[in-house]
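See below for the structure under consideration.
No value in this document is a laboratory result; all are computed from the given coordinates. Note that the structure is predicted; figures quoted are calculated from it, not measured. Note that each Cβ is placed from the backbone with ideal geometry, even for glycine, and that neighbours are counted across all protein chains shown.
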Amino acid sequence: MRKVAVISSASGNGKTTVGRMLASRLEVPFVELDALVHGSNWNETPNDDLRLALEPTLSGDGWVIDGNYSSKLGDVVLREADTVVWLDLPVHVWLPRLLLRTLRRIALREELWNGNRESLKGALWGRDALIPFALRMHRVRRTTYPERLAPFPTVRLRTQPEVDAFVSGVAP
């Protein structure tokens, strides 16, 4: 395992944390796609520019990529990965994590990527608000991912003990 795509059913499943741990254990670069996609003032990177930015990583001999942005990249990350790790924890696990993380980021005005910060409005209101989006995507992805991920070597982790065991079992 040298090229790993870490995806999740919803924000708050631990995608970035698991991705960083795997990259460290495998001694390969870690790429958080959110940092490449969300430019300053939340402006999204054009699809072609995103593909160009990702090319050097994908052509490398090892990496861990957090996310897949299929709407922008298609299946390019999944196709290049030798392992797809799908974090599919239950709502009662990831939702409290997401709420606490979001509230902490808002209260402390933590910078996410490229000067962007979360806001209460961005977290709660509107079609693309973080919390409603996560809840909606959890249902959608649990329904669509089994078929969509079938062609790729996928490890589906459904509990925190499964996640912990998987990560601790990875060696360089």
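Structure values in brief
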read-out: Label-point separation, Leu52 to Ser70 (7 Å along Cα→Cβ), nm; value: 2.7
read-out: Mean ellipticity per residue at 222 nm, deg cm²/dmol - from DSSP H runs of n ≥ 4 across the chain, formula -39500 (n - 2.57); value: -15500 deg cm²/dmol
read-out: Sites excluded, GluC sites (Glu not before Pro) in DSSP loops with at most 13 other C-beta within 10 Å, longest stretch of the chain; value: 28-109
read-out: Taking Arg139, Arg2 and counting other C-beta atoms within 10 Å, the order from fewest to most; value: Arg139, Arg2
read-out: Additional length obtainable on full extension of the chain from Trp113 to Glu80, 0.36 nm per residue less Cα span; value: 9.4 nm
read-out: Cβ-placed point charges (K, R +1; D, E -1), dipole of the stretch 1-77 about Cα centre in debye, nearest 20; value: 300
read-out: Sorted by Cβ neighbour density within 10 Å, fewest at the top, the residues Leu157, Leu120; value: Leu120, Leu157
read-out: Whichever aspartates and glutamates have a C-alpha closer than 16 Å to that of Lys3, once near sequence neighbours (fewer than 8 apart) are set aside; value: Glu27, Glu32, Glu55, Asp61, Asp66, Asp75, Glu80, Asp82
read-out: Residues Val170, Val37, sorted so that the one with the fewest Cβ neighbours within 10 Å comes first; value: Val170, Val37
read-out: Dipole magnitude of the stretch 94-172, debye to nearest 20 (Cβ charges: Lys/Arg +1, Asp/Glu -1, about Cα centre); value: 320
read-out: Highest average packing first - 49-62, 83-96, Cβ atoms within 10 Å; value: 83-96, 49-62
read-out: Positive-end extreme of charge dipole, the chain - chosen from Met1, Thr17, Val76 (charges on Cβ); value: Thr17
